[in-house]
1. In this structure, does ARG95 turn out to be charged (D, E, K, R) and exposed (fewer than 15 other Cβ atoms within 10 Å of the Cβ)?
2. Identify the residue in segment 37-58 that is buried (at least 20 other Cβ atoms within 10 Å of the Cβ) and among the hydrophobic types (A, V, I, L, M, F, W, C) and, among all such residues, is nearest to CYS70 (Cα to Cα).
3. Any residue at all in segment 44-59 that's in a loop (DSSP other than H, G, I, E, B), touching a residue at least 40 places away in the same chain (Cβ under 8 Å) and either polar (S, T, N, Q) or not assigned by TED's automatic domain parsing to the domain that holds PRO114 (or both)?
4. Looking at segment 106-197, what strands (runs of 3 or more DSSP E) fall wholly within it and have at least 2 residues that are free of Cβ contacts under 8 Å to residues at least 60 places away in the same chain and under 18 Å from PHE226 (Cβ atoms)?
5. Of all residues in segment 6-30, count the ones that are modelled with pLDDT under 90 and assigned to a loop (DSSP other than H, G, I, E, B).
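The values are calculated or read from the model by the stated rules, or taken from the named source; none is laboratory data. Because the structure is predicted, anything quoted here is derived from the model rather than measured. Backbone-built Cβ (ideal geometry, glycine too); neighbour counts: all protein chains shown.
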Amino acid sequence: MKVQPEARLIRETPEIDRPRERIRTRGAPTLSNGDLVAAIIGRGIAGRDVRTLSDEICICLDRKGLAVTCEDLIAIPGVGEAKACQILAAFELARRMLERTYRPKITSPEDALPYAEDIRLERQEHVICITLNGAHELIKRRTITKGILNQSQIHPREIFADAITDRAASIIIMHNHPSGNVTPSSDDITVTKKLAEAGEVLGIRLIDHIIVAENGFCSLHGEGYF
């Protein structure tokens, strides 16, 4: 008996089994990751059908996780800027919805590290501020600045303005070292102490300042710098 190959083109698939139709009739949770991606991007290109593209995109997402970039996706043959932006927009929308409905607790440097995953490999220093409520639950994660971290660029008012708006009880600062060396510089230590002092005055505690790089991290609080 000859086995019929699986239909690769969406138009060759019975309408009831097409990803978008299945979302409508059965709900998105019933779809595989590949089918969800296919529903987002809609179609492939000449010579590369949507299912092939979806499979390769899933491999990329499994490898890069939340750190996936537009450039990572565009590097896949057949994924142009429009498709890459559709995927990243879907990711960001889901992340924002999760922030509103689920607030993870951050009680250790390891809990905070996933929120710096996207800056580990950046060539410039990025400074991130995480605001927390009184139960150590995430309120918001923001990028404060990009560039070299020093006393003149990182002022307490830049860090604490959003924390005050969020009515945060505490904050965590994270930034990356493009060099790969997570040892705090003298500026890192000075800025951290200044922020800790400002936090005491404002009643918004600086819980930690975490430096990240490709293969490690340093918790300034854990190392006793403040």
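1. Yes.
2. Step by step, filter segment 37-58, then rank; the result is ILE57.
3. Step one: list which residues in segment 44-59 are in a loop (DSSP other than H, G, I, E, B), which gives 44, 46-47, 49.
Still in the list and also touching a residue at least 40 places away in the same chain (Cβ under 8 Å): 49.
Now drop any that are not either polar (S, T, N, Q) or not assigned by TED's automatic domain parsing to the domain that holds PRO114 (or both), which leaves 49.
Checked against the condition, which is being in a loop (DSSP other than H, G, I, E, B), touching a residue at least 40 places away in the same chain (Cβ under 8 Å) and either polar (S, T, N, Q) or not assigned by TED's automatic domain parsing to the domain that holds PRO114 (or both), segment 44-59 yields at least one hit.
4. 126-132, 170-176
5. 7
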